[in-house]
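Just so it is clear, none of the values below were taken in a lab; they were calculated from the coordinates. Quantities reported herein were computed from a predicted structural model and do not represent experimental measurements. When we count neighbours, we look across all protein chains shown, and the Cβ atoms used for this are built from the backbone with ideal geometry, even at glycine.
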Amino acid sequence: MCGRFTLTVDPADLQAAFPEFTFPTQAAPRYNIAPSQPILALPNDGTKRADFFVWGLIPSWAKDATIGGRLINARAETLAEKPSFRGAYKYHRGLIFADGFYEWQARPGSNSKVPYFIRLKSGAPFAFAGLWDNWQSADGSEVRSATIITTGPNQLMESIHNRMPVILQQDTYTQWLDPAPQSPNRLDGLLVPYPAAEMEAYPVSTLVNSPGNDRVECVLPA
């Protein structure tokens, strides 16, 4: 799964990395983004404009918002089957921007886990494949939420965890963001592990275990 990630890049540098999109001009660096918090996402609504969504998908048909806490990730292999995701997979796809993510490696014979920080070797920001939806509460207020799609691990990740978030290649953005309804056979081939040779991982402090710790120390090598 993907339960924490980072977006620490300056907004101007994020804009330079993705010149075809429009981003908020003011955003603080985030070193430990956790579920239920705002995440920067770009929906396939044709605007090419990124905004903040709640992390944890709340399907439009949900009776209440609490379901979002259980839908922070969506498995690529079952998107077209799961009621919570199949509508969004067809109609509501998006990009979720990051420059790193965390995963916890189990220790044999121990209940403790070692947190790892994973990023591109270049340090450049990237985009997870995501799904989004709009949900209206009983009082009429609207919540826009999103989930991160995961897939099997690449060679770098397989020694750390058995899942990893889908990082999309930039040449797939146009297809992924097409506002028109899409069938799984056109999209499934995009949801593959990112090349391990372009990524790096290293252990970090258990500070990241608490979502209350959102500071640069979270990403420093342990």
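Mean residue ellipticity at 222 nm, helices only, the chain: -2000 deg cm²/dmol; runs of at least 4 DSSP H residues each add -39,500 (n - 2.57), and the sum is divided by the number of residues.
Evaluate E = 1/(1 + (r/R0)^6) for residue 12 and residue 206, where r is the Cβ-Cβ distance and R0 equals 30 Å; express this FRET efficiency to the nearest 0.05. Spell out each step's value before the answer.
Values: r = 33 Å, r/R0 = 1.09.
Step by step, r from the Cβ atoms, then E = 0.40.
Neighbour counts of other Cβ atoms within 10 Å put 5, 101 in the fewest-to-most order 101, 5. Rg and Dmax, both from the Cα atoms of the chain and both in Å, are 16.7, 51. Dipole magnitude for the chain: computed about the Cα centre from +1 point charges on Lys and Arg Cβ and -1 point charges on Asp and Glu Cβ, it is near 480 debye.
Packing order of peptides 12-19, 82-89, highest average first: 82-89, 12-19 (average count of other Cβ atoms within 10 Å over each peptide's residues). Rounded to whole Å, the principal axis extents of the Cα atoms in the stretch 131-172 read 48, 26, 9, largest first. Pairs of lysine residues in the chain that meet both criteria, 8 or more places apart or on different chains and Cα atoms under 29 Å apart, total 7.
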